[in-house]
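First comes the structure, then the notes that go with it.
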Amino acid sequence: MKKSVLLGALSVAGVAAGVASAGTLDDVKARGKLNCGVTTGLVGFAAPDANGEWKGFDVDVCRAVAAAVLGDGSAVEFVPTTGKTRFTALASGEIDLLARNTTWTFSRDVDLKFEFVGVNYYDGQGFLVPKELGVSSAKELDGATVCIQTGTTTELNLADFFRSNNISYEPVPIETNAEGQQQYLAGACDAYTTDASGLASTRATFEDPSAHVILPEIISKEPLAPLVRHGDNEWGDVVRWTLNALIAAEELNVTSANVGELAAGTENPEINRLLGTEGTLGEMLGLDADWAQKAITAGGNYGEIFAKNIGETTPIGLARGLNAQWTDGGLLYAPPFR
Amino acid sequence: MTTISDPPTEQFRLSMLLNDTRYRSATFQAIAVILLVASIAYLGSNLAKNLREAGLDISFGFLSTPAGYDINQTLIPYNNQDTNLRAALVGILNTLLVSFLACATATILGVFAGVLRLSQNWLVRKLMSFYVEIFRNIPVLIWILIIYGIMTVSMPGPRDFRGENASASMLLDAVAVTNRGVYIPAPVWGPGSMVVVAVFVLSVIGVFAYRRYATKLLYDTGRLLPTTWPSIAIFFVPTLLAFFVMGSPIGLDYPALKGFNFQGGIKIGAPLIALWFALSVYTGAFIAENVRAGIQAVSKGQTEAAAALGLRPGRIMNLVVLPQALRVIIPPLISQYLNITKNSSLAILVGYADITATLGGITMNQTGRAIECVVLLMLFYLVISLCISLVMNVYNSTTRLKER
């Protein structure tokens, strides 16, 4: 079954690649819809809500790009992808953009021929265990059974972590987060490992989240980044600078509430350039002058998107931590808009 | 008077390719072949062109780089620093293991169910048709999920075995059934155990030799030797004697709860059980129908003639009906074996590390070599299926009706 899907994707790739190379930006404009790859369901990052509408941190990146390009944040076709299918979907042209908490690594960037446009969440891999196990450190997991999503960097980190600490484990490979959650809750594995943000999100959906702890060890660097196909630089620029616009907007205190007001013109030339009242940044990207304004209106600036989907007031309850602005001691640092 | 003269030799004209029935079929076949070759060539060149444009090349170098991931069931020694090729080999062995187990179980199940479907007993007959209809009309994928779900949800976890008043306990203190798999005692081969094994192998050969001798004696002299009890005796007595004479060299390593899991013994993982069981019962239902068809294809006169000779029903089935039915049963049975092997690629669904999960799953994802991995996968399944066909076809030719 898996094989036939892949072969189908390959043959589609054969037919579609010729079209896709014409320029993704033009394709998206002509189609009037952005095809955006997201997870099959990770609450807070990308999951359909009770009305079937996609909501989440990654989803808002898709919506911002759609708003910047098409002027409409709802002109997005969300394509759920698993850890296994995501790269094929992007390479084949089935999706224009993959925003699916994907770790930026050398080999994916260079060998798989993708273009990571910038980090939207600095993460690290952690372990989730039931409190009743009495485990307080990942190094005590010798001999444990660990659920792990296949086709992810976490799979390799896990192997490295246990090898370097000279302890053993038994992997239980699973396909999707939902499946992992089910296996973990059924006790088929002692621990569940994935990015710490994903663990927090998964735990938030449990019946009794307080019965489970995330161990203190963060065993890897997981810079999660949206990515596009390598070689289409115009499209890569559009996505990269849309993400940067969201980050810069937070730094400049431009929010979805005051963006309309600020777009009338301000004292700050950088805000003016960002919102298109000064300079021709939008035109250089091949977009309207108010592209960033639309992107910010769609879901808010980076800080708003974070607070709304995964921030401390949500059930997921993630602190900004590394994902604070550089002015607040975090790692978010958008290059200047000029 | 009639004169016989050659018909006038007709000149070949181009229009005859379409109008003349002698040439028309050849014309259409030629057109079909040309279209087929052209479309394959188009797809191939398209693939090559797109790969070139994307800057990708076809290379199998990734097979010799370290795999970097761990596998939960390995029949050969493996760790995450071994190569992708070795990981693929682990997957191949796991595929072969589950295919072999499922083929054997499905055959036994299928033959029983098929024979019993023709039973005179109303209840047995109806029960068997219930089994066949339920299992073959629900996709095997669903069965795998159902059985795995039952295993993981309803079986106790290793934690339940802990403590004074544990909610779960081991069967006979030797077998632990958990939601991660079944742990059974493993044999420990002490010094001298090889003698016991050798005696065991010899006694198995002895059983066959004795039965052969009994048959020969029956055919030559008409004397009927008892076979059941001597067979059982030859099978057990020498081995047991050797076991005690050598001073019980084969011990048992019992599984025991240590840390998070049971340690020691042999673990039969829940994924393997789910896959094995689901493939067996699903394909067993199809085989049951093949067996029923085969038996019903043997003319009723054969049964009646055998009964007239005074043979008992069991003997009629074993000596008269089944040998003839096999001719009809085996060709579709080959297809069922091939189906089991190919359906075992659903293993990743329950986290069983078969070749599709290792080479076609994790390796493909981590290296991004989709085309290479899929080509290798197709080659593997093709080769293994052809091998099964070959072996079964040889067997088929031995059971074929021998025309003299």
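The listed residues are A:Thr88, A:Thr154, A:Thr150, and the only one of them that is of a type in the set (Ser, Thr, Tyr) and more than 24 Å from B:Asn72 (Cβ to Cβ) turns out to be A:Thr88. Pick out the one residue from B:Thr21, B:Thr83 that is polar (S, T, N, Q) and surrounded by 13 or more Cβ atoms within 10 Å (Cβ to Cβ). Matching residue, one of B:Thr21, B:Thr83: B:Thr83.
Residue-wise test of (1) touching a residue at least 40 places away in the same chain (Cβ under 8 Å); (2) under 30 Å from B:Thr107 (Cα atoms).
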site: B:Val237; (1), (2): no, yes
site: B:Phe244; (1), (2): no, no
site: B:Gly247; (1), (2): yes, no
site: B:Gly251; (1), (2): yes, no
site: B:Leu257; (1), (2): yes, no
site: B:Tyr282; (1), (2): yes, yes
site: B:Phe286; (1), (2): yes, yes
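Residues in segment B:45-60 that are out of contact with any Lys or Arg (no Cβ under 9 Å at 6 or more places or on another chain) and surrounded by fewer than 17 Cβ atoms within 10 Å (Cβ to Cβ): B:Ser45, B:Asn46, B:Ala48, B:Lys49, B:Leu51, B:Arg52, B:Glu53, B:Asp57.
Table: residues versus (1) closer than 27 Å to A:Asn101 by Cα; (2) touching a residue at least 24 places away in the same chain (Cβ under 8 Å); (3) touching a Cys at 6+ places or on another chain (Cβ under 6 Å); (4) assigned to a loop (DSSP other than H, G, I, E, B).
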{"residue": "A:Gly260", "(1), (2), (3), (4)": "no, yes, no, no"}
{"residue": "A:Thr266", "(1), (2), (3), (4)": "no, no, no, yes"}
{"residue": "A:Arg273", "(1), (2), (3), (4)": "no, yes, no, no"}
{"residue": "A:Glu278", "(1), (2), (3), (4)": "no, no, no, yes"}
{"residue": "A:Ala295", "(1), (2), (3), (4)": "yes, yes, no, no"}
{"residue": "A:Gly303", "(1), (2), (3), (4)": "yes, yes, no, no"}
{"residue": "A:Glu312", "(1), (2), (3), (4)": "yes, no, no, yes"}
{"residue": "A:Gly317", "(1), (2), (3), (4)": "yes, yes, no, yes"}
{"residue": "A:Leu322", "(1), (2), (3), (4)": "yes, yes, no, no"}
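Counting the residues of segment A:204-253 that are touching a strand residue (DSSP E or B) at 6+ places or on another chain (Cβ under 7 Å), assigned to a helix (DSSP H, G or I) and surrounded by fewer than 18 Cβ atoms within 10 Å (Cβ to Cβ) gives 1. Only one of B:Leu75, B:Leu56, B:Leu47 is modelled with pLDDT under 90, at the interface with chain A (Cβ under 9 Å from one of its Cβ atoms) and not in a helix (DSSP H, G or I). Can you tell me which? After applying the criteria, what remains is B:Leu56. With the structure loaded, tell me whether A:Ala196 is within 27 Å of B:Ala357 (Cα to Cα), surrounded by fewer than 24 Cβ atoms within 10 Å (Cβ to Cβ), in contact with a strand residue (DSSP E or B) (Cβ under 8 Å, 6 or more places away or on another chain) and more than 14 Å from every other protein chain (Cβ to nearest Cβ) or whether it fails that test. So A:Ala196 fits the description; yes.
Can you tell me how many residues in segment B:280-306 are in a helix (DSSP H, G or I) and farther than 26 Å from B:Leu127 by Cβ?
Of the residues in that region, 5 qualify.
The set of residues from segment A:150-187 being more than 9 Å from chain B (Cβ to nearest Cβ) and among the aliphatic types (A, V, I, L, M) comprises A:Ile167, A:Ala178, A:Leu185. Of all residues in segment B:110-130, those being of a type outside the set (A, V, I, L, M, F, W, C), touching a residue at least 12 places away in the same chain (Cβ under 8 Å) and touching a Lys or Arg at 6+ places or on another chain (Cβ under 9 Å) number 3. Here A:Thr105 clears all of (1) away from every other protein chain (no Cβ under 11 Å); (2) farther than 30 Å from A:Ser210 by Cα; (3) surrounded by fewer than 21 Cβ atoms within 10 Å (Cβ to Cβ) except the condition numbered (1). Only one entry of B:Ala106, B:Ala88, B:Ala102, B:Ala113 meets the criterion of being within 22 Å of B:Ile371 (Cβ to Cβ) and assigned to a helix (DSSP H, G or I), and that entry is B:Ala88. Return only the number of the condition from (1) buried (at least 24 other Cβ atoms within 10 Å of the Cβ); (2) within 13 Å of chain B (Cβ to nearest Cβ); (3) farther than 22 Å from B:Ala347 by Cα; (4) acidic (Asp, Glu) that A:Asp190 does not satisfy. It fails just one condition, (3). Within the group B:Tyr148, B:Tyr219, B:Tyr183, which residue is part of a helix (DSSP H, G or I) and within 28 Å of the chain's Cα centre (by Cα)? None of the other options fit; the residue is B:Tyr148. With the structure loaded, tell me whether A:Val129 is assigned by TED's automatic domain parsing to the domain that holds A:Leu185, out of contact with any Pro (no Cβ under 8 Å at 6 or more places or on another chain), closer than 24 Å to A:Phe45 by Cα and buried (at least 18 other Cβ atoms within 10 Å of the Cβ) or whether it fails that test. When the stated conditions are applied, A:Val129 passes them. The number of residues in segment B:319-346 being hydrophobic (A, V, I, L, M, F, W, C) and facing chain A (nearest Cβ under 10 Å) comes to 1. On inspection, A:Leu156 qualifies as without any contact (Cβ under 8 Å) to a residue 60 or more places away in the chain, in a helix (DSSP H, G or I) and in contact with a helix residue (DSSP H, G or I) (Cβ under 9 Å, 6 or more places away or on another chain). The number of residues in segment A:108-129 being part of a strand (DSSP E or B), in contact with a Lys or Arg (Cβ under 9 Å, 6 or more places away or on another chain) and within 13 Å of another protein chain (Cβ to nearest Cβ) comes to 2. Restricting attention to segment B:363-386 and to residues that are surrounded by 22 or more Cβ atoms within 10 Å (Cβ to Cβ), under 15 Å from B:Asp57 (Cα atoms) and touching a Leu at 6+ places or on another chain (Cβ under 8 Å), the residue that is nearest to the other protein chains (Cβ to nearest Cβ) turns out to be B:Ala370. Taking B:Ser335 and the conditions (1) free of Cβ contacts under 8 Å to residues at least 24 places away in the same chain; (2) within 18 Å of the chain's Cα centre (by Cα); (3) within 30 Å of B:Asp57 (Cβ to Cβ), which numbered condition does it fall short on, given that it satisfies the others? Failed condition: (3).
For every residue, the table says whether it meets (1) in a helix (DSSP H, G or I); (2) within 21 Å of B:Ala347 (Cα to Cα); (3) touching a Cys at 6+ places or on another chain (Cβ under 8 Å).
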| residue | (1), (2), (3) |
| --- | --- |
| A:Ser136 | no, no, no |
| A:Lys139 | yes, no, no |
| A:Thr145 | no, yes, yes |
| A:Phe161 | yes, no, no |
| A:Glu179 | yes, yes, no |
| A:Gln183 | yes, yes, yes |
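The values are calculated or read from the model by the stated rules, or taken from the named source; none is laboratory data. Note that the structure is predicted; figures quoted are calculated from it, not measured. FYI the Cβ positions are ideal-geometry reconstructions off the backbone, even for glycines, and counts take in every protein chain you see.
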